[in-house]
Each structure stands twice: as C-alpha cells, then as structure tokens.
Amino acid sequence: MPPAALPLLPLLLLLPLALAARPAAPPHRPTFACGGVVSGESGFIGSEGFPGVYPPNSKCTWKITVPEGKVVVLSFRYLDLESDNLCRYDFVDVYNGHANGQRIGRFCGTVKPGALVSSSNKMLVQMTSDANTAGSGFIAKFSAAEPHERGDQYCGGRLEKPSGSFQTPNWPDRDYPAGVTCSWHIVAPKNQLIELKFEKFDVERDNYCRYDYVAVFNGGEINDAKRIGKYCGDSPPAPILSERNELLIQFLSDLSLTADGFIGHYKFRPKKLPTTTVPPTTTTVPATTTLKPTVALCQQKCRRSGTLESNYCSSNFVITGTVITTMTRAGSLHATISIINVYKEGNLAIQQAGKSMSAKITVVCKQCPLIRRGLNYIIMGQVEEDGRGKVLPNSFVMSFKTKNQKILNALKNKTC
C-alpha cells in the first residue's frame, strides 16, 4: 500500500460510525395557512404559522364542511391568544353555517372551550389579531357527527316550549361522563323573559370552577361580557332571570373527576311593565356608576361597619388576595390583587395566567380603606362597567387570616 494512502484507512473505518451517529431528519410538521376551505369526515385547522407566534393585524377565515346530514364538532387541542376578559384584541369566532350564521362563541386566552357543535354540516371559524400579538395561536380538530346525538359525548339543544327541563347525560342513574360539553339555547317570545332554577346540583368542586362547570349567559352565544355566572360544587345556584328572551346554558366536564350532575327547570315569564316613572331606590351602587374621589366622599371617617356576614350579600364581589401593585392616580389608588380565593365573583374581571389569577381594583379614596403592597386582604366591593372592582370608604376590607376561610366558605354556600 503506498505510504500516502495509510492515513485514509482510519477515516474509512470511522465513516460507518459517523453516518450512524448523524441525527435523523426532523418529523414532518404540518404548516397552517391563513384560512382556507376544508371538508371531509375530519381534519385539523390551525392559526397561520402555528406553533410559531401568529402574525399581527390579520383576519383568517376557515370554512368547514362535513358530509350532508351530519353536524360539525370542533374541539380545540391548543389555544394561546392574547388574554382579555372581553376578548377585544385577539380572538377566535366560531359560527354556524358559512354566511350570516349565528355565532356559537368567541374565545381568547389559554382556557380551551369544550367541543362546539354546529346545527348543520357547515361551520365557519375566524381568527382576528390586532397590532400586538401574544401567543402561538390555536390548533383544532373538526369531525362529523350524527345530529342530536344523545350519547356519552353530546347533549344540549334548542328549547322553545314555554317550560321544560334539562339535565346532564346519565342523570339520575349515574355520574355524568368525563370530557363532555352541552349547550342548551332557550328562546322565549320577544316580549317574555326566562326564569331558570336548578333542582339538584352536584358538579366537581373547585374554588374557581376551572375543571367542570355550568356557565349561564344572557343571549344566545358564549360571551364572557354577557355571563351571568359560572357554577360548580354541590349547592344549586340561586334562581336566574334573563335580561331578555334568550339564555344559553353551557355545561363542560374535563377528563378527570366527575359527579352526580344536575337537573334544571325553566319557564317563560311576561315582562313586568313599570307602574311608575319614579326610578327605584337601591342600597347598592350600580355597576355602571363611576365615582370620583370628591372631598365630601373622602372626608368621611375611614371606619368599616358591620361584619363579614352582614356585608357579604350587599357586595358585588368578595375575594381574598395579595396586593402586588399599587399606583395613585387622580386621588384614587389603583391596585392589582393576586387572588387567593374567589367567594363571590359577580361581574369582576378576573385574569388567568396558568394557575395564577388576578383582578384590578380601584380604591376611590386612596387613604380609605388603606391597603399596602405585599399584604393579604379580604376585599368586598362593587364592580365598574369595565369589570374593575371598586372599593368605597364604607366597603368592607380587612386583613386576611387563615381562620377567616371557614366563615367565607360558609357564606359562599349560603344563598343571599
């Protein structure tokens, strides 16, 4: 062998090992365009560029069609859009049909809704983003299902009779199944309202009703701005009266613990005509009133009156939490509260990031009641129309101690 060839021998021997050690080609990952027309028994849609950050200032529309005679079931596998309690900035809208259809719901943030079911074989999904994007977008699976299926997976429907009942799947024989979503859309004549009562109620308990829950909305769509309440645990919600002639009831269970479920009843009621033009008096501050820190208001003695029990029912919201930020503006104190527990939510806007939850409150008179950053408080108050909590000099605020939890839990289970 010529001397020049000798150094090549070790290299040739090592070549197979080097080839074996080369990393395999990455698996093929689907890429999603901005919208499209999709059809078939099942498939996936996703935001443009998923799993990368979705682009700003875009509007993408997907038209989904499944075989004639079937309905579309849409299940979000992943959702990560800019969070806002009213979904005003980045959001996904889901509609029945392809044109001028009823909106089934609007979604943002990171909390996935349950499966969404269309009333025909067509569904339209539209994602809108503003100039500031925040998140990876979404991926969802669509599939065809038999209409009005009443098995372990689907339930709900449109209720138009003057009175009726609705219940969880398997009621009353056994627990409701895991991984279901049900939406009942109750529609009364234009001049009537809907009264709703739950007779029996047992849904997996959680302080924030994050896992299994019943949500009730004014109108015919899932919209947090119109949500009357979100319920779980084993105490039936108080009777509900709609603002107008439509209510939407949504039940969702996750893939873990289940419980007995519920049965509810509804009936139509005529609108009561006002008998006088004198506005009714009220002992609480209306949610739409914005109070400014006037001299007369803020010179009152800063002394809370009553007890936890006597202030609970007259307050729009009751929370315990830690003050994490404070800022003085125009004589008021604006604070962010990291929530420990929610006992009464009302229309308070609660932001969720992972397992952390927070709310913004305004102490109208900055010195009264006095709250300090880093300390824990029980806070009761009213709610502004934008969802911010409002604390007045006579609002009930006190330092939070662990021993208070028992009293608050008892109040939460008591009907005001």
Number of positions in segment 220-234 that are in contact (Cβ under 8 Å) with a residue 40 or more places away in the chain and surrounded by fewer than 16 Cβ atoms within 10 Å (Cβ to Cβ): 1
So how many residues does segment 69-88 have that are buried (at least 18 other Cβ atoms within 10 Å of the Cβ) and at pLDDT below 80? 2
For the subset of segment 197-208 comprising residues that are within 16 Å of ALA178 (Cβ to Cβ) and either in a loop (DSSP other than H, G, I, E, B) or in contact with a helix residue (DSSP H, G or I) (Cβ under 7 Å, 6 or more places away or on another chain) (or both), which member is modelled with the lowest pLDDT? ASP206
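Could you list, in sequence order, the residues of segment 89-134 that are of a type in the set (Val, Ile, Thr), modelled with pLDDT of 80 or more and assigned to a loop (DSSP other than H, G, I, E, B)? Steps first, answer last, please.
Taking segment 89-134 as the starting set, the residues that turn out to be of a type in the set (Val, Ile, Thr) are 92, 94, 104, 110-111, 117, 125, 128, 133.
Subsequent filtering for residues that are modelled with pLDDT of 80 or more retains 92, 94, 110, 125, 128.
Once the filter is applied, which keeps residues that are of a type in the set (Val, Ile, Thr), modelled with pLDDT of 80 or more and assigned to a loop (DSSP other than H, G, I, E, B), segment 89-134 yields only THR110.
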For the list (1) touching an Asp or Glu at 6+ places or on another chain (Cβ under 9 Å); (2) surrounded by fewer than 18 Cβ atoms within 10 Å (Cβ to Cβ); (3) aliphatic (A, V, I, L, M), I need the number of the one condition that VAL38 fails. (1)
(1) closer than 24 Å to ASP234 by Cα; (2) assigned to a strand (DSSP E or B) all hold for LYS414 apart from (2)
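Have a look at VAL318, VAL285 and point out the one that is touching a strand residue (DSSP E or B) at 6+ places or on another chain (Cβ under 9 Å) and modelled with pLDDT of 75 or more.
Working: VAL285 fails: modelled with pLDDT of 75 or more.
Only one candidate passes the filter, namely VAL318.
Any idea which residue in segment 247-262 is farthest from the chain's Cα centre (by Cα), counting only those that are hydrophobic (A, V, I, L, M, F, W, C) and in a strand (DSSP E or B)? Full working, then the answer.
Residues of segment 247-262 that are hydrophobic (A, V, I, L, M, F, W, C), as a first pass: 247-249, 251-252, 255, 257, 259, 262.
Imposing the further condition that a residue be in a strand (DSSP E or B) reduces the set to 247-249, 251-252, 262.
On the way: LEU247: 17, LEU248: 14, ILE249: 13, PHE251: 12, LEU252: 11, PHE262: 20 Å.
Among those residues, the one meeting the criterion is PHE262.
Just to check your reading of the model, which residue among ASP260, ASP173 is among the acidic types (Asp, Glu), more than 22 Å from VAL94 (Cβ to Cβ) and surrounded by fewer than 17 Cβ atoms within 10 Å (Cβ to Cβ)? Give the derivation first.
Working: ASP260 fails: surrounded by fewer than 17 Cβ atoms within 10 Å (Cβ to Cβ).
Selected residue: ASP173, the only one of ASP260, ASP173 that is among the acidic types (Asp, Glu), more than 22 Å from VAL94 (Cβ to Cβ) and surrounded by fewer than 17 Cβ atoms within 10 Å (Cβ to Cβ).
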Breaking point among (1) aliphatic (A, V, I, L, M); (2) surrounded by 16 or more Cβ atoms within 10 Å (Cβ to Cβ); (3) modelled with pLDDT under 80, for ALA178: (2)
Segment 221-236: number of residues that are more than 11 Å from the chain's Cα centre (by Cα), in a strand (DSSP E or B) and closer than 16 Å to GLY105 by Cα: 1
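Is it fair to say ASN347 is part of a loop (DSSP other than H, G, I, E, B) and under 28 Å from LEU79 (Cβ atoms)? Spell out how you get there, then give the answer.
Working: part of a loop (DSSP other than H, G, I, E, B): yes; under 28 Å from LEU79 (Cβ atoms): yes.
Yes, satisfied.
For residues that are under 18 Å from the mean Cα position of the chain (by Cα) and on the phi < 0 side of the Ramachandran plot, tally how many sit in segment 341-382. Walk me through how you get there before you give the answer.
Within segment 341-382, the subset under 18 Å from the mean Cα position of the chain (by Cα) is 341-360.
Filter once more, keeping what is on the phi < 0 side of the Ramachandran plot: 341-345, 347-353, 355-360.
Looking only at that region, the number is 18.
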Taking the residues in segment 199-214 that are crowded, with 19+ Cβ neighbours inside 10 Å and under 24 Å from ARG269 (Cβ atoms) as candidates, determine which candidate is nearest to the chain's Cα centre (by Cα). VAL214
Hey, any hits in segment 401-415 for a residue that's of a type in the set (A, V, I, L, M, F, W, C), surrounded by 14 or more Cβ atoms within 10 Å (Cβ to Cβ), under 24 Å from GLY229 (Cα atoms) and touching a strand residue (DSSP E or B) at 6+ places or on another chain (Cβ under 6 Å)? yes
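The values are calculated or read from the model by the stated rules, or taken from the named source; none is laboratory data. Owing to the predicted nature of the structure, the values given are computational and were not obtained by experimental measurement. Positions of Cβ are backbone-derived with ideal geometry, glycine not excepted, and every protein chain shown enters the neighbour counts.
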